[in-house]
């Protein structure tokens, strides 16, 4: 590989071997600086339900009501004046909510800090139960979580046969010698990798060379398809696997590579006017409020 990523013998290595070798080098160097064992104990408050949104006072409700009314008026009468009033009430409501909530949290923290020294017993009574109390998650085994997400994956494959067919034939796809779009199929540049890395300007040359070989050979590394699913509890009870949503962690190199490809696709789509004016999802500087005001 070029760019200092290896020797001439690297040309005989597969994409997977090159990716694994580069990953091992990065991991071995990073572990000495960042690897550490952290123990974190999450505390819950017995008066959480009572304190939850008590800061949402009458003024907040009044501004919220004005905001909703102006939105309904704008949806019925789409003119500039209604739009101006809607945006004004929206900003006013959001600003006031942030201000009141910040003041409430500040006073709450100050009160608890004083209670910690002046009334330590009352302070510790705020926390729920003894430290060794058994949680609902103790009855939920990792096998149950694994089985739950495995069933979700199989259900998606059964409900969407096109997706299953695409994934099944991913490795058997023939390489396309003639590019479909000349504006997309060109060598990955150092500038693209630097932009994806943002403020980090190290190992840009080996990354660019590796990404180009993956893009040129149409071979996606197998290790990049291995993902770690972190179950996130969304609602109680905690011993029901159906109450967990999976957060998927993928390879950092894979995210860097897909960032490069995504930026190229966005640039090409904007230059060739391929995006509809009615599309707001995953579009920079566009949100739900923009869809309501169009």
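Just so it is clear, none of the values below were taken in a lab; they were calculated from the coordinates. The shown structure was predicted, so the numbers you read here are calculated from the model rather than taken from an experiment. Every residue, glycine as well, gets a Cβ built from its backbone with ideal geometry; the counts of neighbours run over all protein chains shown.
Segment residue 104..residue 284, full-extension length gain: 61.5 nm, with 0.36 nm per residue of separation and the alpha-carbon distance subtracted.
Once the C-beta distance of residue 72 and residue 17 is scaled by a Förster radius of 51 Å, the resulting FRET efficiency is 0.25 to the nearest 0.05.
Give me the distance in nm between label points sitting 7 Å out from Cα along the Cα-to-Cβ direction at residue 275 and residue 249, one decimal. Using points 7 Å along Cα→Cβ, the separation is 3.1 nm. Here the simple spin-label model places points 7 Å from the Cα toward Cβ, and for residue 30 and residue 141 these points are separated by 3.4 nm. Each peptide in 206-218, 105-117, 85-97 gets a packing score, the mean of other Cβ atoms within 10 Å over its residues, and the list from highest to lowest is 206-218, 85-97, 105-117.
Between the C-alpha center of region 87-103 and that of region 224-294 there is a gap of 28 Å.
Fully extending the segment from residue 112 to residue 189, taken as 0.36 nm per residue of separation minus the present Cα-Cα distance, adds 22.3 nm.
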